[in-house]
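Note sheet for the following structure.
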Amino acid sequence: MGIKVNTIIVLENKNEYIVLKEAMYQGKKYFLAMGLDENREVISSKVVILEEHMSGFDTYVRKVVQKDLILVLTRMFKAQM
């Protein structure tokens, strides 16, 4: 099924994020997400880019940490605005 824009995801460490945008790059799906506090208010300083991984019916995400990839994806997300 996968992750959709405007949904809240909860990571293994219990941090919550709202998915704002998605993009495809080199055959992989990426998401721009913002962190949420305990009241589910957006934390504007807590922005991440996540890479989607599918395993059977399960969907996982991994934080993108490669600087070159972050630059490319940031440009793609900005172009969507």
Among the chymotrypsin sites (Phe, Trp or Tyr not before Pro) within the stretch 20-70, which fall in a DSSP loop and have no more than 12 other Cβ atoms within 10 Å of their own Cβ? 57
Can you find, among 73, 11, 39, the residue farthest towards the positive end of the dipole of the chain? Put +1 on the C-beta of Lys and Arg, -1 on that of Asp and Glu. 73
How much of the pair distance distribution for the chain lies past 18 Å, counting alpha-carbon pairs only, in percent? 39 percent
Lysines within cross-link reach of residue 78: Cα-Cα under 23 Å, excluding same-chain residues under 8 positions apart? 4, 21, 28, 29, 46, 63, 67
Please identify, among 11, 20, 36, the residue showing maximal mean-square fluctuation in a Gaussian network model of the chain using a 10 angstrom Cα cutoff. 11
For the residue 7, residue 69 Cβ pair and Förster radius 35 Å, calculated FRET efficiency rounded to 0.05 is 0.95
Please give the length that would be gained between residue 59 and residue 37 if that part of the chain were fully extended, namely 0.36 nm times their separation in residues minus their C-alpha to C-alpha distance (nm, one decimal). 5.6 nm
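Counting only GluC sites (Glu not before Pro) that are in a DSSP loop and have at most 16 other C-beta atoms within 10 Å, tell me the longest site-free stretch of the chain.
Details: sites that count: 12, 38, 41.
Here the longest run is 42-81.
Only the coordinates and a few stated rules stand behind these numbers; no lab work does. The shown structure was predicted, so the numbers you read here are calculated from the model rather than taken from an experiment. Glycine also receives a Cβ, built like all others from the backbone with ideal geometry; neighbour counts cover every protein chain displayed.
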